[in-house]
Amino acid sequence: MAHVVAQPCCDCTYTECVVVCPAGCFHDGGRMLYIHPDDCIDCEACVPACPANAIYHEDKLPAEWSPFRDLNATMARQCATITSRRAAATN
Ligand code: SF4
Ligand code: SF4
């Protein structure tokens with residue numbers, strides 16, 4: 001089980017989520033972040049930290065965003081870890 005980052009994360013410039021994660025789960029995909037499902041311990045710390053409500057437990061992921069479950073697993077393995085906030089907005 002793991003948490004999943006969904007569509008509302010797209011183009012977020014806050015990245016508040018990464019600093020509260022105790023397991024270093026977040027990976028930077030450029031336009032959005034992804035959670036590595038093997039690392040997530042389901043602590044839920046990132047859920048209230050996200051101002052876009054983009055993070056869901058995989059069992060509660062809205063159906064419209066169900067592809068994001070596999071997308072997180074695939075992309076997290078390809079993208080670098082991010083553990084600190086982005087310094088500034090990029091757009
Ligand atoms: S705070 Fe939410 S919207 Fe922003 S990068 Fe993190 S998961 Fe994405
Ligand atoms: S639920 Fe906890 S361990 Fe999983 S990504 Fe969020 S903060 Fe990290």
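Inspection of region 26-45 finds no residue satisfying the criterion of being part of a helix (DSSP H, G or I), at pLDDT 95 or above, closer than 14 Å to Pro8 by Cα and of a type outside the set (A, V, I, L, M). Can you pull out every residue in region 1-30 that is near ligand 1 (Cβ under 10 Å from one of its atoms) and free of Cβ contacts under 8 Å to residues at least 24 places away in the same chain? Result: Cys10, single match. Consider region 74-91. How many of its residues are within 20 Å of Thr15 (Cβ to Cβ) and not in a loop (DSSP other than H, G, I, E, B)? So the count comes out to 3.
The values are calculated or read from the model by the stated rules, or taken from the named source; none is laboratory data. For clarity, every value in this text was computed on a predicted model and none was experimentally measured. Because the Cβ atoms are built from the backbone with ideal geometry, glycine has one as well, and the counts that use them run over all protein chains shown.
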